[in-house]
Every structure is written in structure tokens, then in C-alpha cells.
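The structure appears right after this line, and notes come after that.
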Amino acid sequence: MRRSLLFIPGNAPALLINGNYLGADSIIFDLEDAVSPDEKDAARILVRNTLRHMDYRGTGTIVRINSIDTGYWKADVDEVLKHAPDLIMLPKAGCKEDIDVAEAYLSEAEERLGIEQGGVGIIALIETAQGIERAYDIAGASARVKALLLGAEDLTADLKCARTKEGREIEYARARLVTAARAAGIDVYDTPFTDVEDDEGMRLDAMVAKALGFDGKSAISPRHLAAINEVFSPSLTELDYAYEVMDAIRKAAEQGTGVVALRGKMIDAPIVSRAKQTIAMAEELGIGR
Amino acid sequence: MGAIIRTATAGTFESSDAYVEVGPGRGSIDLSLESVVEQQFGEAIRRAVREVLSECGCDDIEIRIVDRGALDCVIKARVEAAVRRGGMN
Amino acid sequence: MRSKVVSSIREAVELAGLKDGMTVSFHHHLRNGDYVLNTVMDQIADMGIKELTVNASSLFACHKPLLGHIKNRVVAKILTNYMAEEVGREISCGIMDRAVEFRTHGGRPSDIASGRTPIDVAFIAAPISDPLGNCSGKYGKSACGSLGYAFADAMYADKVVIITDELASYPLMDWSIEETCVDYVVKVDAIGDPAGIVSGTTRITRDPVGLVMAEQAALVIRHSGLLKEGFSFQTGAGGASLAASKFLKEIMLKENIRGSFGLGGITGYLVDMLHAGCFEKLLDVQCFDLDAVESIRKDPRHQEISAEHYASPGAKSAVVDSLDVVILGAAEIDTDFNVNVHTDSNGYIMGGSGGHSDTAAGAKLAMIIAPIQRARMPIVTDRVTCISTPGRDVDVLVTQAGIAVNPENAELKDRLVDAGLNIVNIHDLKRKAEHLTGTPKKPMMGSREVGKVICRDGSLLDTIYSVR
């Protein structure tokens with residue numbers, strides 16, 4: 001479950017050591033934008049050490065490495081791979097070939113380090129026009145690709161448009177990304193909301209993302225996490241409905257009825273699977289029945 | 001084992017971090033430590049530093065550390081970064 | 001026109017009849033901008049008077065020159081409620097023959113009123129005064145707002161000297177301290193540096209861990225059973241405490257809860273809560289920032305109170321006894337919930353109770369907010385270096401890694417567990433922190449007594465020893 005994903009600068013010890021207390025379902029150790037070129041080496045050692053020694057139980061760990069067009073990314077992988085982050089985040093993923101390049105090096109590194117092949121997944125950061133248009137190819141490029149994340153700051157620069165709080169300029173990208181991820185059967189997470197002071201704007205932005213089908217949302221400030229977690233948790237209405245669906249299914253099975261209807265609506269397989277997901281998530285959150 | 005070639009630094013003076021300066025030694029490990037938790041953890045810190053130096057294969061170094069209450073894994077990372085930056089022969 | 005104005009501090013000291021071995025007193029409303037304590041002590045030293053007891057409600061970094069007067073024997077004894085590390089460090093090295101007596105903001109006026117700690121001459125800095133000593137902190141270039149800590153000195157000292165940098169025409173209206181108590185008035189160029197007296201705006205923390213704790217703290221209050229119509233609240237000016245009041249304000253507005261009063265050292269955040277309708281009144285013993293000073297001057301709902309009225313254990317009643325919730329800090333807390341706010345991790349004096357133990361004793365819910373470790377020092381220990389506030393008065397510890405409830409308060413624990421908050425055992429917090437930091441070696445303390453912590457009831461709570 002990743003309702004919220006928090007970016008933490010890879011060279012900031014005070015934050016790294018508290019990563020599991022900030023309220024994020026997953027934390028993203030950032031070796032890319034948050035680290036200046038002359039600190040890349042120190043940051044990857046620091047991130048490796050914190051992954052090795054800190055107890056992040058209960059919080060997912062993701063490392064954002066540098067993009068494959070830099071001289072840093074292979075060293076990033078070499079340093080952190082052994083310490084089992086859940087996912088490696090690949091920035092500026094633009095096409096299937098980008099995934100192939102990362103995939104090949106991850107396999108090589110796993111082989112060299114003697115760790116399980118294919119053990120680490122990839123979360124592709126989609127933040128270019130090309131990436132949006134090829135999102136489905138990227139999502140299906142490898143079994144390692146577990147999720148897509150939208151990066152709207154770089155994307156809007158690429159699109160030559162202004163980034164606004166309302167987010168009209170990224171409506172297409174959001175919808176396209178959700179569709180691509182769903183078609184490929186993987187998760188998809190929304191871009192961070194960048195105004196740290198605007199709690200209300202943040203909540204609205206998260207609600208838009210949830211309504212579009214995103215599984216969760218990334219954040220650059222811990223202040224946003226509570227609202228994100230709340231928005232992406234099953235609401236009581238959703239949960240009640242999910243239990244009703246499951247009750248109806250059970251009753252229908254007991255009575256041997258073939259077709260199940262609830263509130264005048266046919267219950268088909270997708271509705272049941274969605275209800276099961278909602279209940280599973282609620283149970284994980286400790287709010288199930 | 002090896003000796004540091006040139007002076008280099010790593011880390012910061014911020015709380016929970018440590019600032020590490022390394023340079024060519026005089027045939028051994030010459031460690032000076034200034035720490036806000038010297039009384040409580042001075043020994044533990046020195047032990048951690050020596051551990052990293054040994055892992056890096058370094059036994060000839062002058063190393064100065066200003067510790068602002070960094071956890072062991074942070075100090076070790078800063079020492080390792082400084083040593084790598086300093087280079088060894 | 002009658003006048004009590006005398007030409008200089010020296011003349012006031014002479015007229016007051018100050019002699020060797022007597023007690024002088026000061027308040028700390030000018031905080032780290034105060035000029036008065038140093039100016040008066042320099043003058044006294046110059047006059048050759050020795051072996052004085054200084055009863056100062058708090059001592060800040062700006063009062064470092066006092067150390068010189070200890071060394072030249074002008075000062076033989078200190079009574080205070082708080083001592084900043086810049087002064088405390090040398091005291092901890094054992095420069096005084098007699099231990100500093102630490103009281104609380106309520107204990108000090110109680111002991112002054114009862115005669116246990118009599119004052120011969122009180123020197124009261126006042127941002128504005130008329131020639132007969134009706135004075136106030138609300139006006140003038142050095143305005144500091146409330147003069148709450150100075151009332152006991154004015155009422156019970158044998159001689160009272162008002163020191164002001166703004167002389168108003170008689171009678172000054174809206175006075176705090178009235179002429180009936182005052183013997184002499186001295187006009188000086190400046191009683192303090194406005195930049196050090198109040199901060200511009202007190203800002204809430206941006207530290208993510210502080211915000212996490214603040215949010216949990218607000219949830220504890222929400223589910224404590226106390227957050228309802230008539231709610232009363234005090235918080236310190238620390239970053240996480242202020243952030244907690246911001247979250248609390250959001251909850252109160254959302255749930256349409258109208259509290260009764262906000263208490264204490266008042267900041268702009270509590271003033272905001274007053275304006276937003278979270279409280280009907282503010283009771284103010286000390287202003288922390290310009291917003292609070294402006295509010296106490298203009299808003300009749302914002303009332304100055306004396307330290308006695310605020311917290312005295314000897315008064316027939318005090319406001320802390322009607323307080324629902326207080327949020328406090330800690331340098332250390334032990335597994336019995338005893339809190340240390342007097343000494344740092346190396347045993348040096350760096351603070352004091354202030355209103356910590358008064359409000360903890362009075363409030364229905366006394367909450368400590370602290371991270372599980374600060375710069376590698378775990379917050380939870382087996383036994384605090386110094387007991388400032390006894391564990392029996394502390395209900396709950398909020399950290400980023402969970403909330404520990406004092407087993408004495410089982411009802412609160414049940415409520416918080418039911419609310420789904422992350423309730424943990426305080427021993428687990430200690431283990432968790434030490435898992436990160438390692439187990440710290442205890443500082444080596446000397447054998448010389450440098451401080452005595454006097455409990456609200458007058459008994460000795462703990463002794464602070466010298467640092468070797």
C-alpha cells in the first residue's frame with residue numbers, strides 16, 4: 001500500500017534517520033535533484049548506510065537514482081542495491097529502451113553482488129512529453145516495472161506551459177498515465193503538490209488525483225502526508241459499499257442465485273474485485289470490520 | 001593497507017551530521033574528535049571511525065572530526081566519503 | 001507636584017538603605033534585552049556593597065556580567081526560576097559558595113508573600129511610569145506587555161524602586177503596578193534593547209519531526225475528553241508546542257469548540273486563537289512577541305495577571321489549578337515520567353522550571369513533547385540528571401515514535417488507545433532511541449552542590465551537582 005510517497009534529500013542526515021516517523025507509506029531517498037553534483041558521492045554512501053542500519057519497518061523504501069543520461073546512476077545502483085530498497089526510481093523514463101538499459105544494468109549488478117535476480121523493482125518517473133506518450137510501453141517494458149509516478153514540474157517545462165495549482169495543464173498527462181498503468185496492471189502515483197503552505201489546495205489536488213484513479217500521491221513536505229493518506233484511504237461510504245457487495249455475493253452463493261444485484265445495479269467481477277481491494281486496504285489500515 | 005593522498009572533507013556542521021577532514025598522515029592513524037556527545041559516546045565514535053578506516057584499508061591518515069550528534073551510520077558514511085575523496089595509494 | 005523621581009540609580013540605592021548581606025530582586029520581562037539588572041548591580045558594586053542575595057525571576061544570557069559580581073563577592077547567593085546556559089555553565093563549575101536556589105514561577109511569589117524569601121529592595125524595570133510610580137509594561141519604546149512577575153516584588157519588598165525609560169504625566173492610566181507600593185522612581189536612557197525584549201513574530205517549527213509530534217499532540221488533546229466547551233490551555237513558545245496550538249486551533253474551529261481561556265506566556269498564536277474564537281479570554285503573565293504586546297494593550301479580553309495569580313501554590317487559588325491542558329518541553333524524561341529542564345546532557349545548568357512544574361501540577365493533562373533523540377542524546381532515561389517536575393504531575397509524553405501515557409492515568413490511556421493513537425510503553429521509547437544512538441555513558445558529576453531545586457510545596461526536590 002502506497003498512499004503517500006515522501007521525497008527526502010539523500011544528503012540530509014536529520015531527515016533520513018527520521019524517515020519512518022514522518023507519516024509516509026513510502027519514503028523516497030533522493031539522490032537526484034535534491035543532491036548537488038559535488039555531493040553525489042557522499043549522498044549515496046549516506047543513503048546506503050541508513051538503508052543498512054536504520055529500521056524502516058512499516059515504511060516502504062525507494063531510492064531515486066540519477067537518470068541514465070548522467071555519469072552517476074550506475075554508481076548509485078552499485079551502492080544501494082545490496083541494501084534492498086523496495087524500488088529503484090528511474091527519473092526521466094522516456095521510452096521502453098530506457099527501461100531496457102536500466103533493467104540490463106540492474107541484472108548485471110544483481111549477478112555481480114550475488115543477490116536475487118529481479119529482486120528490485122522499478123518505479124518509472126514520467127516527466128517528459130515523450131514519457132507520457134509512451135507510458136504504456138514503459139509500464140510493460142519489464143516485469144520489474146511496478147509503478148509509474150508523474151513528475152509534473154519537469155513535464156510542464158517540457159510542454160512549454162506554466163505549472164499551476166489548478167493543474168489544468170496536466171489533466172491529459174494524469175489521465176494518460178492512469179490509463180497506461182491500469183492497462184499494464186501496475187500502480188500509478190501522482191505528482192507532488194509544491195506549495196508547502198497551502199493545505200487546502202493540497203487536499204483538493206489529492207482529491208483530483210484520487211478521482212482520476214491514482215493509487216497514491218508523492219509529496220515533498222511531510223506536512224502534506226496526513227491529507228494524502230486520508231484522501232487515499234477508503235472512505236467509510238466506500239468501505240460500507242464494499243462490505244455490502246461482499247455480503248450480497250455471499251448471500252447469492254448461499255441461495256444459489258446466479259446474477260447478483262445491489263441497489264438495482266448488477267454486481268460484476270470488476271466491482272467484486274474492487275470491493276475486495278477496498279476491504280484489504282481497510283484491514284491493512286486497521287479500519288476494517 | 002594504504003595512505004591518504006590528499007586533503008579532503010565531507011559532511012556538514014548541521015545537527016545530526018558530522019564534518020570530516022582527512023589528509024596525509026605520518027605513518028599511522030591520527031584521529032582528533034570534537035563532539036557534542038564526547039562524554040557519552042566519544043569511545044563509540046572513535047571505534048566506529050577506526051572500523052570504517054579498516055574497511056577502507058586505510059592506516060595512514062590524519063583525520064579531524066567535528067561531530068554534531070551524528071548517529072554511527074552517519075559518521076561512518078562521512079568518514080568513508082572523505083577517505084574516498086582523499087584517495088589512497 | 002509630588003514626585004518620587006530621584007536623580008540616579010545610585011541615589012535610589014542609597015535612599016533605600018541597601019547594605020551588605022541584603023536581598024535585591026529583579027524581574028525578567030525584558031528577557032534577553034534587559035539592561036536593568038546589570039546596570040543596578042554595577043552601581044551597587046561601585047558603591048562597595050557586598051554579600052548580596054539576588055532574587056531574579058529568571059537570568060538570561062545578557063546577564064552574564066553577574067558572574068563577575070559573584071567572583072568579586074558583591075553577590076553571595078542567587079534565587080531564580082530559570083538560568084540560561086551562558087550563566088549556568090560557570091555556576092555548574094562551582095564558582096559560588098552557596099548553591100543557587102531554583103524555584104518555580106509560582107513558588108517564587110508564594111515564598112516572597114509568605115516571608116520565606118524576603119526582599120529588601122526590589123528594582124523593577126518598567127517601560128512606562130509616572131513620577132509617583134504608577135507603571136506599566138504595555139506602553140513606551142521598551143514595551144514588554146505584561147509585568148506579571150514583578151507584582152510580588154512590588155507588593156512585598158521593603159523598598160521598591162521603579163526604573164523606567166519613559167516618564168509619563170501623573171496619573172498614568174491602565175497601570176499594572178500602582179504607586180501605593182513604590183518608594184522611588186529613576187529615569188534612565190534605556191531599560192533594554194527592544195530587539196531582545198520581544199521577538200518580532202514567533203514562528204512555528206518547520207522541522208518535519210517537530211510537525212509530526214505537534215500533530216500527535218493535538219490529537220492527544222482532541223481525544224483526552226477535555227477538548228470541549230470551556231476548554232483552557234497553555235503552551236510554551238517552543239517550535240513544536242506552537243505548531244501543536246496551530247493544529248489544535250484547526251480542530252477547534254472544525255468542531256466548533258469554544259474554549260474559555262488561554263494562559264501563560266502569550267504568543268501571537270494564542271492571540272490568533274482568541275481572534276478566531278477558540279478562546280474567550282487570555283490570561284497573560286508574560287508576553288513573548290509583539291503581537292501579544294499589542295493585544296494586551298488593546299484587547300480587553302486579554303488580561304495581565306500576576307505570577308501569584310498565575311501559579312502560586314500558597315494562594316487561596318491560582319489559575320493553573322483551573323487549567324485543562326498544558327504542553328511542555330523536556331531536556332530529559334525518565335521512565336517514571338520525571339522531567340529535567342534544568343541541566344543539559346553533560347550536567348551543566350541550562351534552564352529551570354519557570355512555570356513547568358506549576359502548570360504540570362495544576363493542569364488536568366500535562367503533556368511533554370520531545371523527540372526520542374536530539375543530536376544522539378536519547379530523551380528517555382532510567383533516571384533524569386535532575387528532577388525539575390516530578391513524574392506524578394506528568395500525564396503523557398508525545399514523541400515522533402509514539403505516545404507514552406503515565407500508568408497513573410489509566411483513563412487517559414484507554415481514551416487514546418480507543419482513538420487509535422500510537423500508544424507505546426515509555427520503556428519501549430527508551431529502547432527504540434538507544435537502538436539508534438547506543439547507550440550513553442552518564443556524565444561524571446562532581447560532589448559540590450551548585451543548585452537546589454525547591455519544589456512548589458517548599459520541600460527540596462533535587463540537588464544539582466557541579467560538573468567535573
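Tabulated data for the structure shown
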| quantity | calculated |
| --- | --- |
| Exposed GluC sites (Glu not before Pro) absent: longest stretch of chain A, with sites in DSSP loops and at most 15 other Cβ within 10 Å deemed exposed | A:1-115 |
| Listed residues A:Ala109, B:Cys73, C:Thr439: farthest to the positive end of the dipole of the protein assembly as shown (Cβ charges) | C:Thr439 |
| Cα-based radius of gyration of the protein assembly as shown once divided by 2.2 N^0.38 Å, which approximates compact folds | 1.10 |
| Kyte-Doolittle mean at least 1.6, axial Cα span of 18 Å or more - DSSP H helices of chain C | none |
| 5 angstrom amide H check on C:Thr343, placed H, neighbours 5+ away | C:Met350 |
| Buried on assembly, the stretch C:304-347 (at least 40 Å² less accessible surface than by itself, 1.4 Å probe) | C:Asn346 |
| Chain A: C-alpha pair distances exceeding 24 Å, % | 54 |
| Nearest-0.05 FRET efficiency for A:Thr70 and C:Glu85, computed from C-beta distance (R0 56 Å) | 0.75 |
| Exposed GluC sites (Glu not before Pro) absent: longest stretch of chain C, with sites in DSSP loops and at most 10 other Cβ within 10 Å deemed exposed | C:1-228 |
| Prolate/oblate/rounded label for chain C (Cα gyration tensor, a/c 1.5) | oblate |
| Exposure rank, largest accessible area first [C:Leu79, C:Leu436; 1.4 Å] | C:Leu436, C:Leu79 |
| Interface B:A - total buried accessible surface [probe 1.4 Å, Å², rounded to 100] | 1200 |
| Separation of alpha-carbon centers, the stretch A:1-74 and the stretch A:101-167, rounded to whole Å | 17 |
| Residue-averaged beta-carbon neighbours from other chains (10 angstrom radius) around C:207-216 | 5 |
| Other protein chain Cβ atoms within 10 Å, averaged over every residue that makes up B:35-48 | 4 |
| Members of A:Lys96/A:Lys265; A:Lys40/A:Lys96; A:Lys217/C:Lys228 lying beyond 31 Å, as alpha-carbon distances in this model show | A:Lys96/A:Lys265; A:Lys217/C:Lys228 |
| Additional length obtainable on full extension of the chain from C:Asn72 to C:Lys228, 0.36 nm per residue less Cα span | 50.6 nm |
| Rounded accessible area per residue of the stretch C:312-468, 1.4 Å, Å² | 37 |
| FRET efficiency, 1/(1 + (r/R0)^6) with R0 35 Å, evaluated for A:Arg263 and A:Leu212 via beta carbons | 0.90 |
| FRET efficiency, 1/(1 + (r/R0)^6) with R0 22 Å, evaluated for C:Ala113 and C:Asp321 via beta carbons | 0.85 |
| Separation of the C:Arg392 and C:Lys298 label points, Cα + 7 Å toward Cβ, nm | 4.6 |
| Protein accessible surface hidden between C and B, which excludes ligands and nucleic acids, total in Å², probe 1.4 Å | 1200 |
| Contour minus Cα-Cα distance for C:Asp382 and C:Arg203 (0.36 nm per residue) | 61.1 nm |
| Chain lengthening between A:Ala84 and A:Arg52 when straightened (0.36 nm per residue, less Cα-Cα) | 10.7 nm |
| Paramagnetic reach from C:Asn425 (point 7 Å along Cα→Cβ, amide N under 17 Å) across the stretch C:334-370 | C:334-337 |
| Number of partner chain Cβ atoms within 10 Å, mean per residue of B:63-74 | 5 |
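The values are calculated or read from the model by the stated rules, or taken from the named source; none is laboratory data. Just so it is clear, the model here is predicted, and its values are computed rather than measured. Methodologically, a virtual Cβ is constructed for each residue, glycine included, from the backbone with ideal geometry; neighbour enumeration extends over all protein chains shown. What goes into the accessible areas is simple: the full protein's heavy atoms, side chains included, and nothing from ligands, DNA or RNA. Shrake-Rupley method; radii C 1.70, N 1.55, O 1.52, S 1.80 Å.
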